[in-house]
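Undergrad: For reference, the structure I am asking about is given below.
Just so it is clear, none of the values below were taken in a lab; they were calculated from the coordinates. Since the model is a prediction, treat every value here as computed from it, not as a measurement. Quick reminder, even Gly has a Cβ in these numbers, built from the backbone with ideal geometry, and neighbours come from all protein chains shown.
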């Protein structure tokens, strides 16, 4: 295969990954609206899940992960606080730090959204075997890791895997160092789990 043909194949692959990501996002948003209503936007759902599934507690952490300003992160949190889905309390150690947690209502709504998400994904992908996803995920992870390996300053690179609730930090595997940003999972009683696994 000529170099230009190979480049076209690679570009088509990248286009397919982007189209797939856009399509699944649109489908999930539409299905959530149909089944659960407009109680939450998808970004709000993700924010609830982020706070629930990780030890993220401060507005600055939310801003870092979401790649928005502290002001934008604060507004997003305040909307959920006003709706009674999240609490924002002042840290006793540092009054400038707000500690975030979900209310019982927030946890219940999150469970409803996750149930809908699970049903949609199972319906959409039922014709595929689990190993198909494992194989494809490994390919994509390897490509991501290769990008890190090619970077001149991989020590500074971070994919913020934690926002996707991944148990594996791709950067750490490649450059053998602690990621610059970690979202540690909350202790759910599983002592065998690596507390620094999500990067």
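Undergrad: Across every pair of different alpha-carbon atoms, what Kirkwood hydrodynamic radius in Å does the range 3-127 reach?
TA: Here the Kirkwood hydrodynamic radius works out to 16.6 Å.
Undergrad: Quickly work out the residue 1-to-residue 142 label distance, labels modelled 7 Å from Cα along the C-beta direction, and quote it in nm with one decimal.
TA: Between residue 142 and residue 1, the label points sit 1.4 nm apart.
Undergrad: Could you work out how far apart the two model spin labels at residue 53 and residue 19 are, taking each label as a point 7 Å from the Cα in the direction of the beta carbon, and quote it in nm?
TA: Going by the 7 Å Cα→Cβ label model, 2.7 nm.
Undergrad: Continuing with the same structure: Report, in whole Å, the centroid distance computed from the Cα atoms of the range 111-126 and the range 30-95.
TA: 22 Å
Undergrad: What FRET efficiency would be calculated for the residue pair residue 70, residue 41, taking the C-beta separation as r and a Förster radius of 22 Å, to the nearest 0.05? Present the calculation step by step, with values, prior to reporting the outcome.
TA: Details: r = 20 Å, r/R0 = 0.91.
Computed FRET efficiency for residue 70 and residue 41 comes out at 0.65.
Undergrad: For the range 1-53, place one equal point scatterer on every Cα, skip the solvent, and apply the Debye formula. What is log10 of I(q)/I(0) at q = 0.18, 0.21 Å⁻¹?
TA: Taken in order of the listed q values, log10 I(q)/I(0) reads -0.69, -0.80.
Undergrad: I'd like to compare 36-49, 135-148: which one has the highest average count of other Cβ atoms within 10 Å, and what's the full order after that?
TA: Those peptides, ordered most packed to least, come out 36-49, 135-148.
Undergrad: Take each of the peptides 1-9, 100-108, average the number of other beta-carbon atoms within 10 Å over its residues, and list them starting from the highest.
TA: Descending mean neighbour count gives 100-108, 1-9.
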